[in-house]
Amino acid sequence: MLQRSRTLPSRIHHGAVEERHDIRHYLQVEVQPKVTESEAINPQSSYSKCFDDDGRLKRTGNFWTSASHIITAVIGSGVLSLAWAIAQLGWVAGPSVLLLFALVNLYTSNLLAMCYRSGDPVTGQRNYTYMDAIKANLGGRKVMLCGLVQYFNLFGVAIGYTIASSVSMMAIKRSNCYHKSGGKDPCHMSSNGYMITFGIIEVIFSQIPDFNQVWWLSIVAAIMSFTYSSVGLGLGIGKVVGNGGFKGSLLGISIGTVTHAGTVTPTQKMWRSMQALGAIAFAYSYSLVLIEIQDTIRSPPAEHKTMKKATVFSIALTTVFYLFCGCFGYAAFGDLAPGNLLTGFGFYKPYWLLDIANVAIVVHLVGAFQVCLRAAC
């Protein structure tokens, strides 16, 4: 018979110990977390990761998305007319007015950002739109008056977007026509078809739910706005270098200057100056959709803090860009600066670069239409 191993009892002993340990572990009952009284009374707190304090889905906007929304709303094809505006005011008043309107817009935007919540700026009731903020702070007939002003403004913006996009589409076809014919064919065409095309595109995009809140929409639109503005700026710098110096005067276009529209008279000088002020003011306009942009920001921190930072960053960036585009455009053309900076370089020199800029304008306006106009609806 084989001798019994001396190690067997110890193994059995350890095996029994391990088995009893496994049984205790198996029979052990886990202690469940107790539900507090506040959670039982307010079950909404358990869903705080998915919903905000107003019961809506959690907002995901941040500093960068807000800044891109603002840049999309502020920088439009109007930046290409700043050279003409500065040409009417001159080297002294032109840049000064740009800086003045930037400061005014910054101040009023910060005031409006504080109107997003009624009462307490952190826990107060939210105002989802510009009209909600007016109703909460003013009330009465002022709501109807401000509503008429807002929608009349947005109606004008929609018309402007449609016309500007159709002009850019037409410019692409015309530049290619000029390039093929060597400038011999006048390439006359109608913009009606392009306006209808732009309208159809916007109608299609308007059927997509919350398309104006897609995070990448404003980023793409902002990139496009910087693209065509950079093209205009680059061509302006190139023309200044080619001219060998800066053009323009301290007081702007002088009386008696012969332009494409005729000789500038004292009355026309005053009218042109007023138009220049309007063009610069319109270039900074985005307050009518500021509340809607702020309603996309997550908290904490408080929405008005993020919005103020985004406003300072966006307005500072656009102001620097405006100064470069406007001043170099004026330096390139002087008193004869065109109303649209891109058209001042001709349609075929260099035609491919102008095509890229005009495509960027169209893409930007398609996105800006959704961001600006659907936000207020």
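What the table shows:
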{"read-out": "Extension gain from R298 to K49, taking 0.36 nm per residue of separation minus the Cα-Cα distance", "value": "88.5 nm"}
{"read-out": "Cross-link partners of K49 among lysines (Cα-Cα below 28 Å; sequence separation of 8 or more within a chain)", "value": "K34, K58, K305, K308, K309"}
{"read-out": "Q125 long-range amide H proximity, modeled H, under 5 Å", "value": "S118, D120"}
{"read-out": "Contact order normalised by residue count of the range 49-172, Cα under 8 Å, 6+ apart, percent", "value": "11"}
{"read-out": "Placed amide H near I253: partners under 5 Å, 5+ positions off or other chain", "value": "Q88, L89, G90"}
{"read-out": "Ascending count of other beta-carbon atoms within 10 Å, so fewest first, for K305, K49", "value": "K49, K305"}
{"read-out": "Mean shadow area of the range 163-292, taken as a quarter of the surface of its Cα convex hull (nm²)", "value": "12.4"}
{"read-out": "Three-way shape call for the range 123-226 based on the alpha-carbon gyration tensor, with the a/c threshold at 1.5", "value": "prolate"}
{"read-out": "Förster radius 30 Å - calculated FRET efficiency between M189 and Y151, Cβ distance, rounded to 0.05", "value": "0.35"}
{"read-out": "Ordering of 291-297, 54-60, 199-205 by burial proxy (mean other Cβ atoms within 10 Å per residue, highest first)", "value": "291-297, 199-205, 54-60"}
{"read-out": "Distant-in-sequence amide H partners of F51 (H built 1.01 Å from N, under 5 Å)", "value": "K58"}
{"read-out": "For the range 353-360, 3J(HN,Hα) per residue [Karplus equation, 6.51 cos²θ - 1.76 cosθ + 1.60, θ = phi - 60°, Hz, x = Gly/Pro]", "value": "5, 5, 4, 4, 5, 5, 4, 4"}
{"read-out": "Cα Rg, Dmax, the range 42-155, angstrom units", "value": "19.1, 64"}
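All of the numbers you see were taken from the coordinates with simple rules; none came from a lab. These figures come from a predicted structure and were not determined experimentally. Note: ideal-geometry Cβ built from the backbone for every residue, glycine included; neighbour counts use all protein chains shown.
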